[in-house]
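All remarks here apply to the structure that follows.
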Amino acid sequence: MKKKNKRLLGIGLAGFAGLMVGFQIVQNKLEQKKKERKILAIRAELLRKGEIAGFYILEEESSGDDLIGGAVLEDGRVFSYEMLGQALTIEEETR
């Protein structure tokens, strides 16, 4: 009886661990999709100012729902952006 209970407990724990790993994978994919949508929104707004030559995200300053970075346009202008939650701020850098 004890062997059977230990085996069932082991199977239950393995199933729970598998479920948690699956949940983490789904959560990571959802967060990545959310980040991709924000990047598309930022790029769309920057495209209104001109063709984008380079686009970057400052990963060390960005966290969770916040994206911070910049872009260089084809005409040489440089912009920085902050997307804090759903609020987007874009500023042209002065030289």
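The values are calculated or read from the model by the stated rules, or taken from the named source; none is laboratory data. From a predicted model like this one, the values you see are computed outputs, not experimental measurements. Please note: Cβ atoms are built from the backbone with ideal geometry, for glycine as well, and neighbour counts cover all protein chains shown. When the accessible area is computed, the model is the full protein with side chains, heavy atoms only, and any ligands, DNA or RNA have been set aside. Shrake-Rupley method; radii C 1.70, N 1.55, O 1.52, S 1.80 Å.
Compare the peptides 66-75, 17-26 by average per-residue count of other Cβ atoms within 10 angstrom and give them in order, highest first.
Values: 66-75: 16.3, 17-26: 10.0.
Top to bottom by mean Cβ count within 10 Å: 66-75, 17-26.
Can you grab the distance from the C-alpha centre of region 23-39 to the C-alpha centre of region 71-93, Å, no decimals?
So the two Cα centres are separated by 23 Å.
Which Rg and Dmax, in Å, describe the Cα atoms of the chain?
22.2, 78
Report, to the nearest whole %, how much of the accessible area of the chain belongs to carbon and sulfur atoms, 1.4 Å probe, protein only. Could the numbers behind the result be given before it?
Values: 4220 of 7310 Å².
Carbon and sulfur together cover 58 percent of it.
In whole Hz, what ³J(HN,Hα) sequence does region 55-60 give by Karplus (6.51, -1.76, 1.60; θ = phi - 60°), x for Gly and Pro?
Couplings: 9, 9, 10, 7, 4, 5 Hz.
Please compute the contact order of the chain in relative form: average sequence separation of alpha-carbon pairs under 8 Å and at least six residues apart, divided by the residue count, as a percent. Display every interim value, and only then the final one.
Values: 89 pairs, mean separation 15.0, N = 95.
Relative contact order of the chain: 16 percent.
Enumerate the calculated ³J(HN,Hα) couplings along region 70-86 in order (Karplus 6.51 cos²θ - 1.76 cosθ + 1.60, θ = phi - 60°), each rounded to whole Hz, writing x wherever the residue is Gly or Pro.
x, 8, 10, 8, 4, 7, x, 5, 10, 10, 10, 9, 9, 10, 9, x, 9
Amide H neighbours of L58 under 5 Å, counting only residues 5+ apart in sequence or on other chains, H built in-plane at 1.01 Å?
I68, G69, G70
Rounded to whole Hz and in sequence order, give me ³J(HN,Hα) for region 38-53 from the Karplus expression 6.51 cos²θ - 1.76 cosθ + 1.60, θ = phi - 60°, writing x for Gly and Pro.
Each residue of region 38-53 in turn: 5, 4, 4, 5, 5, 4, 4, 5, 5, 4, 5, 9, x, 5, 8, 8 Hz.
Using only DSSP helix segments of four residues or longer, with each worth -39500 (n - 2.57), what per-residue ellipticity at 222 nm results for the chain after dividing by its residue count and rounding to 500? Kindly include the intermediate steps, with their values, before the conclusion.
On the way: 1 runs with 46 residues, N = 95.
Computed mean residue ellipticity for the chain: -18000 deg cm²/dmol.
At 1.4 Å probe size, with every protein chain present, just tell me what the per residue accessible area of the chain comes to in Å².
Numbers: 7310 Å² over 95 residues.
Value returned for the chain: 77 Å² of accessible area per residue.
When we measure straight from the Cα of K29, which lysines land under 27 angstrom away, once same-chain ones fewer than 8 places off are left out?
Filter leaves K38.
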